[in-house]
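To keep things clear, I will list the structure first and then write my remarks on it.
The values are calculated or read from the model by the stated rules, or taken from the named source; none is laboratory data. Note that the structure is a prediction, hence the values are computed from the model and not measured. In this analysis, Cβ positions are derived from the backbone assuming ideal geometry, glycine residues included, and neighbour counts consider all displayed protein chains. The protein model used for the area step is the full one, side chains on, heavy atoms only, and it has no ligands, DNA or RNA in it. Shrake-Rupley method; radii C 1.70, N 1.55, O 1.52, S 1.80 Å.
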Amino acid sequence: MAGMEIPDFHGELIAPHHPDYDDARAVWNGTVDRRPRLIARCTGAADVASAVRFARDRDIEIAVRGGGHNVAGTAVCDGGLVIDLSAMRAVSVDPASRTARVQGGALWADVDHETQAHGLATTGGIVGHTGVGGLSLGGGIGWLMRKHGLTVDNLVEAEVVTAEGAIVRASADDHPDLFWALRGGGGNFGVVTSFRFALHPVGPTVVAGPVFWAAEDTTAVLRHYRELVAGAPDELGTIVRLGTVPPLPAIAPDLHLRPAIAVGCCYAGPVSDGLQAVGPLRRFGTPLVDLVGPTLYVDHQRSIDDTVPHGWHYHWKATNLTGLSDEVIDVVATHAYRARSPRSYSAMFHFGGAVARVPRDATAYPDRDVAHNIIIDAVWLPPEHRTVGRSETAWAREFLQALAPHRAGVYVNFLDADDDSARVREAYGDGTYERLATVKAGYDPDNVFHHNKNIQPHAISDEPG
Ligand SMILES: Cc1cc2nc3c(=O)[nH]c(=O)nc-3n(C[C@H](O)[C@H](O)[C@H](O)COP(=O)(O)OP(=O)(O)OC[C@H]3O[C@@H](n4cnc5c(N)ncnc54)[C@H](O)[C@@H]3O)c2cc1C
C-alpha cells in the first residue's frame, strides 16, 4: 500500500491485499472481526520502535498484539496499525540465576517447554496458547500463584518501547515507576519486547488433574471445597469448573457433555505430599471421574488447551467474590447450568497464599485479599452466532447480575469488550487507578496506547505547580 512502508523495519508488513491478511488479523475470540490498515510483524525491539514512531508521525491508531487471546479483541483495531509480536517468541533460561528471558510475543507453552527442561517454572496461565504479554501485564493468575505469587510478582525486569519510540529497561532500579505500573496496569505504558521472570523448582512431575461430580452435587461439593481450601497449603492450587464434562480423550465418551462440577488441582511440591493434600477432595461423595494423579507439569499445563480453541465465539463476564458464603454457593448452583450451549462454563480460581502476602501497593495488581473469583464464559460455535449466541450472552449477564451483592472488584484481564471504563476503574480501585494515571501521564501523555483496558493519563495541566 502506497505510503505504508515503515522505515528501518526488518519484519513483515501485512496489508489487506496480502494472502496472510485474514489469518494475521484473526484473534482467539472468533467474534472479533477487525480490519487494520497494516499489520507490522516485528522481529525485535528496533522494529517495534520504528513501528511506534511511524504510526505516531502519521497519527495512526496503534494496537499491540501479544498472544491475541484477550477476549475483548484489543490486539487488533479497525483502520490502524497492529504492532504484532507473534514472531517474537524466544525464551532463554539461565539456570544459574533461575531466571528466564521471554520475548513479548511468546505463549505460555513456549515458556513451560523451555523452563521445564531445567525443572523450573514460573506462574503462568492455565492454557498453553495464551500470550505471555497481555497476561503478565494484567497480573497473571495460575496454578502456581499460591506458592510462587502472581506472574507480576515474578517479573524481574522488562524491556519496553515507549510511546516516544525509545527503548528503556524497567526494573526495581531502572524506571521504578514504570516497573510498578507494568505489574498490573496492562499495555498502557509501552510495548514490552522482553520480560525477565524469576523461576522456581517445579516438578517435573506434580500431582495434578480434575475430579468431576454430577451437577446435582454442586452445593455439597462447593461447601466441602470451601473448607478444604481454607486450610490448604500454599502448594495446592485449585480451580472449580462448572459446566459440562469436556470431551477429552482421557474421559469415557458416555460422560462427555454431561452437566458436572469439577475441581482441578495442581500441587507444587513433592508427589507424596500432593497425594495427601488432595485425598479429602478425591474421597468426597461419588465422583463421576477422578483424573488426579502424578503427571508432568508441562502436560498438565496443556491439558485443557483443546477445550478453548481459537475461532469459537466467546463472551465473558467476571467478578471477584467477597467469599464463598452459602448465599454465593446458592447463586452459583442456581445459574451455572442454565447455559444453553454445552460449551459454556464458569470457573472459580482460589487465591491466598503468596498472592495475599504482597502488599496492596507494591504492584498495580491491587486485590490481594480476594480469596475467590468467578469467570462466566459464554461459548458457542460461529454458525450459532444468531441463535445460541444471544441466549448465552444473556445467561452470562444474568449470572453476573445475580452475584451483584457479592462482588469485590474484578481481574482486568477478564474484562470483555462491553465492560466500560467504570469496570476498568473497578479492577484497580481508585487509589491504584489514580497512581497509574500519573505514571501514564509521564510515559504516554497523549494516550498513544489506548486500544486496551485504558488508563486515562492525568492531564499535564492538572499537575500541581
Ligand atoms: C483461553 C484463555 C485462558 C486464559 N487463562 C488465563 C489464566 O490462566 N490466567 C490469567 O491471568 N489470564 C488468563 N487469561 C486471560 C489473559 O490474561 C488475557 O486474555 C490476556 O490479555 C492474554 O494475553 P495475550 O498477550 O494473549 O493478549 P493479546 O490479545 O495479544 O493482548 C491483549 C492486550 O495486552 C496488551 N499486550 C499484549 N502483549 C503486550 C506486550 N508485549 N507489550 C505491551 N502490551 C501488550 C495490549 O494492550 C493488548 O491489547 C486467559 C485467556 C484465555 C482466552
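With the highest mean first, a sort of the peptides 319-332, 247-260 on other beta-carbon atoms found within 10 angstrom per residue produces 319-332, 247-260. For region 330-390 and region 44-96, compute the distance between their C-alpha centroids and round to whole Å. Value for the Cα centre distance between the two parts: 27 Å.
Residues in region 272-277 carry Karplus couplings, in order, of 5, 5, x, 4, 5, 5 Hz; the curve used is 6.51 cos²θ - 1.76 cosθ + 1.60 with θ = phi - 60°, and Gly or Pro positions show x. Points 7 angstrom from Cα along the Cβ direction at A96 and E5: gap in nanometres? Rounded to a tenth, the inter-label distance reads 4.5 nm. In terms of Cα atoms, the Rg and Dmax of the chain work out to 21.6, 70 Å. Once you order the gyration tensor axes a ≥ b ≥ c over the Cα atoms, which shape class does region 1-101 get: rounded for a/c under 1.5, otherwise prolate or oblate by comparing a/b with b/c? Verdict is oblate for region 1-101. Taken over the alpha carbons of region 310-459 as equal point scatterers, the Debye sum produces base-10 log I(q)/I(0) values at 0.10 Å⁻¹ of -0.42. Scalar couplings 3J(HN,Hα) for region 373-389, obtained by applying the Karplus form with A = 6.51, B = -1.76, C = 1.60 to θ = phi - 60°, are 10, 9, 10, 10, 10, 7, 9, 8, 8, x, x, 8, 4, 7, 9, 5, x Hz; x denotes Gly and Pro. Using only side-chain charges placed at the Cβ, +1 for Lys and Arg and -1 for Asp and Glu, the dipole size of the chain relative to its Cα centre rounds to 780 debye.
Overall, the ratio between the Cα radius of gyration of region 345-424 and 2.2 N^0.38 Å, rounded to two decimals, is 1.31. Here the Debye sum runs over all C-alpha atoms of region 103-173 as equal scatterers in vacuum, and log10 of I(q)/I(0) at q = 0.24 Å⁻¹ comes out as -1.14. Just to confirm the number: angle between the C-alpha axis of helix 218-230 and the first principal axis of the chain, 0 to 90 degrees, nearest 10? Its long axis makes an angle of about 70 degrees. Look at the Cα gyration tensor of region 208-294: its axes a ≥ b ≥ c give a/c of at least 1.5 with a/b at or below b/c, and that counts as oblate.
The C-alpha atoms of region 138-266 occupy a region whose extents along the principal axes are 57, 30, 29 Å, arranged from largest to smallest.
Taking the longest Cα principal axis of the chain as reference, the axis of helix 421-443 is set at about 30 degrees. Take the Kirkwood radius over Cα pairs of region 256-370, plug it into Stokes-Einstein at 25 °C and 0.890 mPa s, and you get 141 µm²/s for translational diffusion. Remark: the chain carries 38 Å² of accessible area per residue (probe radius 1.4 Å; ligands, DNA and RNA excluded). Leaving ligands, DNA and RNA out of it, report the carbon-plus-sulfur percent of the accessible area of region 65-149 at a 1.4 Å probe. C and S fraction of accessible area: 50 percent. Positive-end ranking of G165, V192, G131 along the dipole of region 121-208, with charges on Cβ about the Cα centre, is headed by G131.
Amide H contacts under 5 Å for R258: V245, restricted to partners 5 or more places along the chain or on a different chain, H placed in the peptide plane at 1.01 Å from N. Under 5 Å between amide hydrogens, built in the peptide plane, is the criterion, and for A63 it picks out L81, V82, I83 among residues at least 5 positions away or on other chains. Here the Karplus curve 6.51 cos²θ - 1.76 cosθ + 1.60, taken at θ = phi - 60°, turns the phi angles of region 111-128 into couplings of 5, 4, 4, 6, 6, 6, 4, 10, x, 10, 6, 10, 5, x, x, 8, 10, x Hz, with x standing for Gly and Pro.
The portion of the accessible surface of region 295-437 made up by carbon and sulfur, rounded to a whole percent, is 52 (1.4 Å probe; DNA, RNA and ligands excluded). Kirkwood radius for region 384-465, taken over all pairs of different Cα atoms as the inverse mean of 1/r, rounds to 14.9 Å. Considering only F54, A378, L120, the residue lying farthest towards the positive end of the dipole of the chain is A378, judged by Cα position with unit charges set on Cβ. What shape does region 34-80 have by the C-alpha gyration tensor, where a ≥ b ≥ c are the square roots of the eigenvalues, rounded means a/c under 1.5, and otherwise prolate means a/b greater than b/c and oblate the rest? Here region 34-80 falls in the oblate category.
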